[in-house]
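Below: one structure, written as structure tokens.
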Amino acid sequence: MPDVNDGNDDQREHVPSRQRRRFEGISSRAYEHPADRSALVALRKLSGFDTVFKALSGLLPERSLRLLFLSDSVRVSDDQFAHLNDMLRDACYILDLEKVPPMYVTQDPQPNAMCIGLDEPIIVVTTGLVELLDEEEMQAVIGHEVGHALSGHSVYRTILLFLTSLALRVAWIPLGNFAIMAIVTALREWFRKSELSADRAGLLVGQDLKASMRGLMKIAGGNHLHEMNVDAFLKQAEEYEAGGDLRDSVLKILNVMPRTHPFTTVRAAELKKWAATRDYQRIMDGHYPRRSEDKDTSVTDSFRQSASHYADNVRSSKDPLMKLVTDIAGGAGDLGGKLRGKFGGGSGGSGGANTGNHGTPEDGA
């Protein structure tokens, strides 16, 4: 498999010094989370789907967003943020994305990045993110956003932004806001899975798991790596999943529902888990699905794989609610006793999770 520094591509004038593998013709199915992949395969099979959504472009604020970034942000090029432009072309080359999407740097101290657009994706990174991450960490983040572009996530992200804005405008209409928010909630659930997919794409581009972990840790705790530890950070994810009782399980659901991104510790744990799989190693060895085969992909098989993945997650989960679901499915006997135990029995309410609604700031990238 050719590496990035083979010197055979006209657009490869400036690349980072470390060699990385290139995945020629790779399909986004190679790295997509099963739930994300099944939804995308089904949508791609719908005749006229792209036409319908392009017709919506007149209703969506895409043109306005493009003009806003063009007029009030800095477009990455060989003349502006040249090192980011090198990373962008590098990421597109590795994932074999033929057309390099435009990228902008916008002034915002909050570390963040996004990929939006219906007709053509555009990538936006904030100054907070650029100032926070080193070169290897930033390479993974840009790979993350290029992964969104390759999967076609930008279309649905744009729609999600539009519907979220629309929900605020029609909040006074009886049931109107409820109907839109039901769609927004479903889109957010899908989008959280798409973020896990993009994290995998970022790892394929950066090809440095430690850098990906560092980037997620910085997004969670700022530029204080000397104060942080990867193993301790990942242990937080284990404690989050297994800790508490059924009350905490419900609170976890309520906390994550307004978010477009999974929690950062969860993302780190999921990415490390995927990096240890045979699937990841096969991709690195050059064995992966190709874009040329996408049209022959079975929707039924994709949904079956997604269902199997969720079933495995429920069975292996340490979360109290998921364990209860497994017990019920397995015909557990003393259900009443289990419920009392899961809800903390008569031990009182001390030590419960904080239920205050102080907002849920989104993860960057």
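Calculated translational diffusion coefficient of the range 86-165 (4 °C, 1.567 mPa s; Stokes-Einstein with Kirkwood radius over alpha-carbon pairs) equals 101 µm²/s.
The packing ranking, built from the mean of other Cβ atoms within 10 Å per residue, places the peptides 140-152, 209-221 in the order 140-152, 209-221, highest first.
Please work out whether the range 194-245 counts as rounded, prolate or oblate from its C-alpha gyration tensor, where a ≥ b ≥ c are the square roots of the eigenvalues and a/c under 1.5 means rounded, while otherwise a/b larger than b/c means prolate and anything else oblate? It is oblate, given that a/c is not under 1.5 and a/b is not larger than b/c. In this simple spin-label approximation, residue 235 and residue 134 carry label points 7 Å from Cα along the Cα→Cβ vector, and these lie 2.4 nm apart. Placing pseudo-labels 7 Å out from each Cα toward the beta carbon at residue 65 and residue 242 gives an inter-label distance of 4.0 nm. On the basis of the beta-carbon distance and an R0 of 25 Å, residue 82 and residue 285 show a calculated FRET efficiency of 0.15.
Read-outs throughout are calculated quantities, based only on the coordinates presented, and are distinct from any laboratory measurement. Small disclaimer: the values here were computed from a predicted structure and weren't measured. Positions of Cβ are generated from backbone atoms using ideal geometry, with glycine treated the same way; all protein chains shown enter the neighbour counts.
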